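Here the structure is laid out as structure tokens; the discussion comes afterwards.
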Amino acid sequence: MTVTPEINQKVTQLKAQLQQAGYAYYVLDNPIMEDGVYDQLYRQLQDLETEYPELITPDSPTQRVGDQPASKFTSVKHNIPLYSLENAFNLAELTKWELRWQKQLESISEFAYVCELKIDGSAIALTYENGILVRGATRGDGVTGEEITQNIKTIRTIPLRLNVPIRGKVEVRGEAFLPLNIFEAINQERTKSGEALFANPRNAAAGTLRQLDSKIVAQRKLNFFAYTLHIVNDPNKARDIELESQLQSLELLQELGFLVNPNRKLCQSLEEVQDYFQQWDTGRKILPYMTDGVVVKLNEYSLQQQLGFTQKFPRWAIALKYPAEETPTVVKDIIVNVGRTGAITPMAIMEPVQLAGTTVQRATLHNSDRIAELDIRVGDTVIIRKAGEIIPEVVRVLPTLRPENTVPFHMPTNCPECNATLVRPQDEAVTRCVNSSCPAILRGSIIHWASRNALDIRGLGERIAILLIKNNLITSVADLYTLTVEQIADLERMGTKSAQNLVNAIAESKNQTYGKLLYGLGIRYVGSVNAKILAENFPTIEELSQASFESIEAVYGIGEEIAQSVFEWLRVPNNQALIKQLQAAGLNFAAAIKTSDHDLDQSEQILKDKTFVITGTLPSLKRDEARELIEQAGGKVTGSISKKTDYLLLGENAGSKLAKAEKLGISQLSEAELLKLLDS
């Protein structure tokens, strides 16, 4: 049927009415329309879109829930990285942070802080183009996340169309969270249906966002607070928006249609920040959502830009965390666990208690030194807390409540998994099993290899790993790539379909990046970020294997401890054999080589091992374009000046980086000089 102007106008009008009503209800908490009227208008729009499907647009209120579950999530690179925040736990640490940034800016005299509650949820990144939501993604590692747009659309406090028309691209960052009443209701329903309970609202929010079926996500009723706004400059934009501060951004986010936490405050000093922090230490207990601290940001964007970022954190922001909650409980047993590195970790099994919003019945005792220090025994009453709000640990024992006839706990002399003699290396507090064939070490290696930040093998969890080892199907991660559907299908509670899915997931993991493979190997001290850095600086495993300790340690972001661990690990014959087996199975331990027309040949890496910092506005190149040219030629671009910086790429209106570069005697290049250098 032909779409008449009247029908088109009616659909546009219905969308606008429903969007306005949704904004008033979910964001302003001030309904302007009866539920029955909203439902009637929604049905009218739904009927018209059914009759005229060509009128369905991504920003239509009917598109908040998808009809079909997604088959999987795809990995996407964030347009703007999502940095984590440095933590402070008291006023002294906060003061040290202030002194650090003031030292970098030197003569700064006027500044203010914006304080915001740190919401305990899951960070997400939203992208709008010409006012329409086009992408939502999880934080991931800050550089790369998972695209979950269909799930994001189910969150009613996230507008599908911005209230204010802005041409070009808008990036919004914020926290998806579960209100406490919703969290409790979900767990009550899960109790009735016999499902495992969610540990806390944060985990529930993160798990909900990664549901493949958006209808399930919609049922969970996630909420969202927006806290960061980036507007990409567009000469054709319909509105001239010049943001000068974080406070302005928060106000504009509200105007655009987002829910912004109302409990923010502009503070003129650390004393005011401390007052705000103490006020909400009590006030947070009656909030309808969980918060674990206060985020403190320099308000002025000009100061933020001058300070820039470290490798992990913005220098202009910090999270001031509340002390972990503490609670007493009774130790019922003490056991030991064997980790993937062979580390033997003692664990207290306790009477279940509520702690920081979760049920806790296990707490780490760290090592034998800590056990001796605590003199902890079965039957003791202990005080526990969550270290960093995450890992439960025993703080102290209450000896006056100790029952009679208790006995001290001693670490075992033999591995509880393989019975091998345990050793405690000199100068280490950790007792270890050094039997490389220990089932616990193998199990931990398999689980780590299959984890999200490593090879991300869906379906390969602890239960399957145990079954594979128990049935002698694998003795290393390399054996995963020889498994057949028939072998897996014969395992307990498995079938042909599940087996085929697992074999497919294992095969798909061969496409993971070199950096993820390095992380998956489980080299001690090498986290996912360190692994990426190593992959960028040593493009093949052969180059990394042949590198000296000194050359590994010299890499920016890799310290002595990590370098020593990598250097030694790569010289163990069994580890060398493992890499060869994985390569033979089709895994690529080499960085991807770009092949676009503008890329330079690998033989022309004329900027190899050179570190650049870019400052000011370049005549013709955008910063991203300059960065790409430098990286294609083998160079590296960082955000701050240091003694390791080789060149400062200088544009107009350069800030404090120029003065610091001159002080350190760092060479300066113009855009023309850079292009000439690349052409040579």
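Table for the structure above
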read-out	value
Sum of side-chain charges, V3 neighbourhood, beta-carbon under 10 Å (Lys, Arg +1; Asp, Glu -1)	-3
Over the chain, relative contact order from alpha-carbon pairs under 8 Å, at least 6 apart, %	9
The stretch 350-475: C-alpha pair distances exceeding 19 Å, %	65
Sequence-distant residues sharing a close amide H with T310 (under 5 Å, placed H)	R315
Distant-in-sequence amide H partners of V378 (H built 1.01 Å from N, under 5 Å)	V407
Label-point separation, V395 to E110 (7 Å along Cα→Cβ), nm	4.4
Disulfide-incompatible cysteines by the Cβ rule (no partner under 4.7 Å) in the chain	C115, C267
Rg [Å, one decimal], Dmax [Å, integer] - the stretch 236-323, C-alpha atoms	15.1, 49
Cα-based radius of gyration of the chain once divided by 2.2 N^0.38 Å, which approximates compact folds	1.06
Backbone HN-Hα couplings from phi across the stretch 497-509 [Karplus 6.51/-1.76/1.60, Hz, Gly and Pro as x]	5, 4, 5, 5, 4, 5, 4, 5, 5, 5, 5, 5, 5
Accessible-area composition of the chain, carbon plus sulfur, in percent [1.4 Å probe]	49
Whichever aspartates and glutamates have a C-alpha closer than 18 Å to that of K580, once near sequence neighbours (fewer than 8 apart) are set aside	D479, E542, E543, E568
5 angstrom amide H check on I166, placed H, neighbours 5+ away	G131
Largest to smallest principal axis extent of the C-alpha atoms in the stretch 454-542, angstrom	44, 22, 20
Under Karplus coefficients 6.51, -1.76 and 1.60, residue-wise ³J(HN,Hα) of the stretch 441-457 in Hz, glycine/proline x	5, 5, 4, x, 5, 5, 5, 5, 4, 8, 5, 4, 6, 9, 7, 6, 8
Accessible surface, per residue, of the chain when the full set of protein chains is kept, probe 1.4 Å, Å²	51
Column: log10 I(q)/I(0), Debye, Cα scatterers of the stretch 76-156, q = 0.13 Å⁻¹	-0.64
Equivalent ellipsoid, the stretch 114-230 (semi-axes from 5 times Cα gyration tensor eigenvalues, Å)	27, 15, 13
Accessible area of T50 in the full protein assembly, 1.4 Å probe (Å², nearest 10)	110
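The values are calculated or read from the model by the stated rules, or taken from the named source; none is laboratory data. In this text, all values refer to a predicted model and were calculated from it rather than measured experimentally. So basically every Cβ, Gly included, is an ideal-geometry build from the backbone, and we count neighbours across all protein chains shown. All accessible areas refer to the heavy atoms of the entire protein, side chains included, with ligands and DNA or RNA removed. Shrake-Rupley method; radii C 1.70, N 1.55, O 1.52, S 1.80 Å.
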